[in-house]
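Visitor: The structure follows.
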Amino acid sequence: ARAPERRACPADIMVSIAMGEGDERSALLPETTGESARASAHEGGVGVGNGFNRWASGKRVAMIAVGAILGVCGLVGGYMHSTMPGVAPKEGDPDFRRLPPVDFDDKTLLIVVGLPFSGTSALEGLLGTSGVITDLCKSDTWQCENTVLLERMGFINENVHCDPEDVTAAEFAYAYKDFANKWWDMSKPVLMDKTPNMLCRHRFVRDAAAALGVSVKFVVLTHHPFSWNSESHPFNEEYYAENLAHAVDILEDPSVDALQVRYEDMAWNMDAVIESVKAFVPAVTNLDPWHSSLSDDSKGDRGMGVSEYFQQEPLEWIEKDLEPETYAMLCQLGYNEDGECAASAGASESPSGYVDDMEYDR
């Protein structure tokens, strides 16, 4: 590991961070998995002493994230991004601390992502039946997504689907605090943002959640090409593979808590989906696949329960010719019912750690 890095703070606190070589996680991040960043605080004018050090160490919190709670080191703005390799700040990044206060204690930010038009709204409607999850439907945006809200704030350009460089962590922190003040029902423990194009932005969201002091979980919907048979949104392998790479990135990132949900399981193995969600989000104790939480004002046509939908429109499995690279990513995601691993480029055996423990009853 490289030597601790010291950065000047405008307050009387010096912060030391030590991370492993090649660690691309932001120093802003309170870690949940992976190798812990070592942090130490030196007693200063605000009275941070050994007791606080023991608390930070026990919480496995990178000290810069602790600084967010104390309001030091200018975490929102240029300082916020100074230790985020590959994440450049924008001039004029907003400061969420200027918004009305929000109590994020005991809240979980639940980010639902997937390829656009791949079934994320159906999953959103299912999750919302839990009664403990609040969504952005009150904002009256398309499918209760955040895209228009971020456009109105000037954080993204109109019709941008997935540009990982457009929204900074500071902007996400500002947006989520604004959503908490305006759109989410803060009496509920789980705050959901279902927006497919967030698929390529998970590290920004992770760091924004750290700054706000709220835990964050990602639900990633994957959709196999053989079950993608929409006439209105036909399968396009180039577009699919580009987005699938982002799904792999999230699910293989040890710095975030993520759950994979297969679209096919919502049709053929709903009980497994429900149990996995309940285990992943303990606040969820019940889900009703025969109903949807999406209201009429969600400006979409996804108000039908998932099970009712698949009862009327049985899911078809139609084989397609795919590039080896696409097969390789499907194999990484655990798909191997049709020989995806063997069909991947140069693959003679399943990747390390892959376990084929489920067969579809289709």
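Visitor: Taking only the range 262-273 into account, find how many residues are under 19 Å from the mean Cα position of the chain (by Cα) and either among the acidic types (D, E) or closer than 18 Å to H291 by Cβ (or both).
Guide: Residues in the range 262-273 being under 19 Å from the mean Cα position of the chain (by Cα) and either among the acidic types (D, E) or closer than 18 Å to H291 by Cβ (or both): 1 in total.
Visitor: Let me ask something additional. Has the range 194-214 got any residue that is open to solvent by 20 Å² or more (accessible area, probe 1.4 Å), farther than 27 Å from S130 by Cα and of a type in the set (G, A, S)?
Guide: no
Visitor: Under 7 Å by Cβ, and 6 or more places apart or on different chains, what pairs join a residue from the range 101-122 that is over 13 Å from V261 (Cβ atoms) and part of a loop (DSSP other than H, G, I, E, B) with one that is of a type in the set (D, E, K, R) and open to solvent by 10 Å² or more (accessible area, probe 1.4 Å)?
Guide: As it stands, the answer is V102/K177, since those pairs meet every condition given.
Visitor: From the residues in the range 115-127 that are touching a strand residue (DSSP E or B) at 6+ places or on another chain (Cβ under 7 Å) and of a type outside the set (S, T, Y), which one is most open to solvent (accessible area, probe 1.4 Å)?
Guide: Looking at the filtered set, the residue picked out is G119.
Visitor: Here's another thing I want to ask about it. Checking W184 against (1) of a type in the set (A, V, I, L, M, F, W, C); (2) outside any helix (DSSP H, G or I); (3) within 17 Å of V113 (Cα to Cα), which single condition isn't satisfied?
Guide: (3)
Visitor: Quick one: what pairs do we get from the range 209-236, first residue farther than 21 Å from E124 by Cα, second assigned to a strand (DSSP E or B) and open to solvent by 10 Å² or more (accessible area, probe 1.4 Å), C-beta under 7 Å, 6+ apart or different chains?
Guide: Qualifying pairs under 7 Å: A210/P30.
Visitor: Taking the range 316-362 as the search range and keeping residues that are of a type in the set (S, T, N, Q) and open to solvent by less than 30 Å² (accessible area, probe 1.4 Å), which one is modelled with the lowest pLDDT?
Guide: Out of the qualifying residues, it is S344.
The values are calculated or read from the model by the stated rules, or taken from the named source; none is laboratory data. Worth saying up front: this structure is predicted, and the values here are computed from it rather than measured. Glycine gets a Cβ as well: all are built from the backbone with ideal geometry, and neighbour counts include every protein chain shown. Remember, those area values only see protein heavy atoms, side chains included, never the ligands or the DNA or RNA. Shrake-Rupley method; radii C 1.70, N 1.55, O 1.52, S 1.80 Å.
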